[in-house]
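K.L.:
Let me begin by handing over the structure; questions about it come next.
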Amino acid sequence: MFSLNLTENFKQKFERLAKNNAVLRKKTEKTLLLLFRNPLYNSLKTHKVETKKIGVKFSSVVSGDIRIIWDYGKFGVFILDILDIGGHSGKNKIYK
């Protein structure tokens, strides 16, 4: 199991995206639980991506277009830094 370090950037974007969307909130919580248990769990479709702001990191699927961007923590093997949330495409696009 991993510890999840939710960054301020992630928290702010998550609140904005899920403000009036209970389904997205629930799917994001489920994704975070799966990341906590095993970041390479098959349904997360985890893979490396190049992001606009933070370079090459890992991406995991939340829903059709929404992804969580994360990386392994610098100070611990079992820590994940949850960095960003946003779209694969469109106005909330987080990929390069």
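K.L.:
From the residues in region 1-22 that are free of Cβ contacts under 8 Å to residues at least 12 places away in the same chain and assigned to a helix (DSSP H, G or I), which one is farthest from Asp71 (Cα to Cα)? Give the derivation first.
P.N.:
Here is the first cut: in region 1-22, the ones free of Cβ contacts under 8 Å to residues at least 12 places away in the same chain are 8, 11-12, 15-16, 18-22.
Those still in the list that are assigned to a helix (DSSP H, G or I) too: 8, 11-12, 15-16, 18, 22.
Details: Glu8: 15, Lys11: 16, Gln12: 18, Glu15: 21, Arg16: 22, Ala18: 22, Ala22: 26 Å.
The extreme case among them is Ala22.
K.L.:
Would you mind stating whether Lys57 is at pLDDT below 95 and within 11 Å of the chain's Cα centre (by Cα)?
P.N.:
Values: at pLDDT below 95: yes; within 11 Å of the chain's Cα centre (by Cα): yes.
Yes, satisfied.
K.L.:
For residues that are more than 13 Å from Ile68 (Cα to Cα) and either in a loop (DSSP other than H, G, I, E, B) or among the aromatic types (Phe, Trp, Tyr) (or both), tally how many sit in region 41-53.
P.N.:
3
The values are calculated or read from the model by the stated rules, or taken from the named source; none is laboratory data. Model, not experiment: these values are computed from the prediction. Cβ coordinates were reconstructed from backbone atoms using ideal geometry, including for glycine residues, and neighbour counts include every protein chain displayed.
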